[in-house]
Amino acid sequence: MKEINILVLANHAEILETILRLIGNNASWKGIGAGSAEQAFSAMEKNKFDLVLLGVGVDEETGRQIMEYCRKADPKMRCIRHYGGGSGLLYSEIQHALQT
C-alpha cells in the first residue's frame, strides 16, 4: 500500500503532537509537523505531500496562502482545515480528502 504523506500545520504544540500521534496510528500514513507557516512552506519545498492539514489556530490569511501554494505546487495535493472533534472525525476528514 502506498504511504500517504501528510503535512500538519498547527500553531499549538500540544495539538500538533496529538494530531501527529493520531496520524501515526495508521500504518500507511506518515505525518510531518510544522508549528508555523514558515516551517510549512519549508517542508513543502523539501517534500512531496498528498495532504496538508491546517489545524486549529491557523489564521485565515495563512490558511489561504498555504492553500494557494498547494494548488500551484501540485494540483493533486489536497489541503483541508481540521477544527478538532476527536480521532474519528480526523480520520474521516483525511479519508474524505484523499478520495476527492
Looking only at segment 4-24, decide whether some residue is in a loop (DSSP other than H, G, I, E, B), charged (D, E, K, R) and without any contact (Cβ under 8 Å) to a residue 60 or more places away in the chain. no
Filtering segment 45-100 for residues that are among the basic types (Lys, Arg) and farther than 15 Å from residue 7 by Cα leaves a count of 2
When segment 50-72 is checked residue by residue, the ones that are modelled with pLDDT of 90 or more, hydrophobic (A, V, I, L, M, F, W, C) and either farther than 14 Å from residue 23 by Cα or touching a helix residue (DSSP H, G or I) at 6+ places or on another chain (Cβ under 6 Å) (or both) are 51, 52, 54, 58, 66, 67, 70
Checking residue 97 against (1) under 13 Å from the mean Cα position of the chain (by Cα); (2) assigned to a helix (DSSP H, G or I); (3) surrounded by fewer than 16 Cβ atoms within 10 Å (Cβ to Cβ), the condition it does not meet: (3)
Of the conditions (1) out of contact with any Ser or Thr (no Cβ under 8 Å at 6 or more places or on another chain); (2) surrounded by 13 or more Cβ atoms within 10 Å (Cβ to Cβ), residue 37 clears all except one; give me its number. (1)
For segment 25-43, indicate whether the set of residues that are under 13 Å from the mean Cα position of the chain (by Cα), in contact (Cβ under 8 Å) with a residue 40 or more places away in the chain and under 20 Å from residue 99 (Cα atoms) is non-empty. yes
Subset of segment 72-91, residues farther than 17 Å from residue 56 by Cα and surrounded by 11 or more Cβ atoms within 10 Å (Cβ to Cβ), comes to 73, 74, 77, 78
Scan (1) over 21 Å from residue 83 (Cβ atoms); (2) out of contact with any strand residue (DSSP E or B) (no Cβ under 6 Å at 6 or more places or on another chain); (3) not basic (Lys, Arg) for the single condition residue 43 breaks and write down its number. (2)
In segment 73-100, anything of a type in the set (Lys, Arg) and in contact with a helix residue (DSSP H, G or I) (Cβ under 9 Å, 6 or more places away or on another chain) is listed as 78, 81
Condition first: aromatic (Phe, Trp, Tyr) and either in contact (Cβ under 8 Å) with a residue 40 or more places away in the chain or over 16 Å from residue 11 (Cβ atoms) (or both). Now tell me which residues in segment 47-100 satisfy that. 49, 69, 91
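The values are calculated or read from the model by the stated rules, or taken from the named source; none is laboratory data. Everything quoted here is computed from the prediction, not taken from an experiment. Glycine also receives a Cβ, built like all others from the backbone with ideal geometry; neighbour counts cover every protein chain displayed.
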